[in-house]
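Colleague: One structure coming up, written as structure tokens, with questions to follow.
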Amino acid sequence: MKIRHFMGMAALMPVVFLLSVTGIAGAQNRGGTVNVTPYLGAYVPDSSLDIDSGIAWGLGVGLNFSEKAGVEFTFNAADSEMDGDDAQVFLYRLDLVHHLTGRLPERIVPYVSAGLGMQTINSDRRGFDKDSDILFDTGVGLKYFITRDLALRGDLRYLLDFANDGLCHNFLAGAGLTLQMGFGERPSEIAVPVELMPPVTAQAPVVIEEKAPCPDAPPGCTERDWCQKDADADGVPDCLDKCPDTPKGTTVEASGCPPASQQGAIIFRNILFAFNKADLMAESLPVLDQVVEYLLANPGVNMEIQGHTDNVGTPGYNLRLSERRAASVQQYLTGRGVPAERLRTKGFGLTRPIAPGNTDEDRARNRRVEFSPF
């Protein structure tokens, strides 16, 4: 391979790396992204082609329709020799790619692919005319994400060359860096409002006497809100109701929430963590501040902080990660004045999913923290 090709690739890869260091949260193959991959590798032709093996370089540009399915166009070139004369091989391929996500830890994504293309051979040998043939190719590969948008990539490919004088069996191996650029992609964690799932027995609701014509609406409520807006019909106007979605017939306190002794697990799915860490993300802090406010206002309530993960990774690793994340939440609450003896932590790992599938959305729902009174 000519020295300028080595120099060009060596200069390109650090640039790609610097442009793509954006953190490791959600480091995985994602739908709605464009991938750009520079390659270096080796081209091994069929012996019947009378061409020597050579160093190959190339560039791939792909589109991921989802976290699993994508398409990629790749150009490769190899410098070789034919009977002592310089020869060049050019490969053009369009492949369908299927990523085997969810099989290995989140950073590691194997894939299989297949497609069609063309091979062109050009040589300085006297009397040789440029030769172009149709190709069928298939291959396997592996991506290892070192940041959220940058992956090391290895690829091994079998090339079936439909030459004029018969079929030729060629091989192409390469390694490179994949830069993943998103457009309209969804975050790896889904922030949704707090959900209450109380396992309670229907009882007569506590009814707050309705004011008419509402001259004494409390601070924070307009007269219209005080009189008319009570979405869950529990007798507590929405403007004062801290649990506005309790089931019909649920016994509630003046706050609009069930008594602590009757509450089930409270799920805060927008308590987010950095990928593979137990560090709280800034988006989680307003929700945790609400938990602090509730616990300080209800000194008789004790809470178990329960950590859960998705199904990516080994059970043992996920159990330890869920325990660390629950402990991180406990540390935040005690740092805001909640007595430590009112809190305990427990990690469940991947054993209690609330979403059954392997999509990005389902895994994001399963990465959560729950609070359960005890």
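Colleague: Each label point is 7 Å from the Cα along the Cα-to-Cβ direction; what then is the distance between the points at Asn164 and Glu293, in nm?
Modeller: 8.0
Colleague: Related question: Taking 0.36 nm per residue of sequence separation and subtracting the Cα-Cα distance, how much length would be gained by fully extending the chain between Thr359 and Met281, in nm to one decimal?
Modeller: On the way: separation 78, 0.36 × 78 = 28.08 nm, distance 2.24 nm.
Value of the extension gain: 25.8 nm.
Colleague: So, one more: Figure the gain on full extension for Leu100 and Phe374 (residue separation times 0.36 nm, minus the Cα-Cα span) and round it to one decimal in nm. Please report the intermediate quantities before stating the final value.
Modeller: Details: separation 274, 0.36 × 274 = 98.64 nm, distance 4.13 nm.
The Leu100-Phe374 span can extend by a further 94.5 nm.
Colleague: Another question, then. Under a 1.4 Å probe, what is the accessible area of the range 303-363 per residue, stated in Å²?
Modeller: Numbers: 2870 Å² over 61 residues.
With the other protein chains kept in place, the range 303-363 gives 47 Å² per residue.
Colleague: Kirkwood hydrodynamic radius for the range 43-189: how many Å is it when counted over pairs of different Cα atoms?
Modeller: Values: mean 1/r = 0.0606 Å⁻¹.
Computed over Cα pairs of the range 43-189, the Kirkwood hydrodynamic radius comes out at 16.5 Å.
Colleague: Whole-Hz Karplus ³J(HN,Hα) for the range 363-374, in order, using 6.51 cos²θ - 1.76 cosθ + 1.60 and θ = phi - 60°, x for Gly and Pro?
Modeller: Going residue by residue, I get 5, 5, 5, 6, 7, 8, 10, 10, 10, 10, x, 9 Hz, with x marking Gly and Pro.
Colleague: I need the calculated FRET efficiency for the pair Thr314 and Ala69, taking r as the beta carbon distance and R₀ as 25 Å, to the nearest 0.05. Numbers along the way, then the final one.
Modeller: Details: r = 26 Å, r/R0 = 1.05.
Efficiency computed from Cβ-Cβ geometry: 0.40.
Colleague: Something else now. So, with a 1.4 angstrom probe, what is the percent of accessible area on the range 303-374 that is carbon and sulfur?
Modeller: 51
The values are calculated or read from the model by the stated rules, or taken from the named source; none is laboratory data. These numbers come from a predicted model, not from an experiment. Virtual Cβ from ideal backbone geometry, glycine too; neighbours counted across all protein chains shown. Ligands, DNA and RNA are stripped out before the accessible areas are found, and what is left, the full protein with its side chains, is counted by its heavy atoms. Shrake-Rupley method; radii C 1.70, N 1.55, O 1.52, S 1.80 Å.
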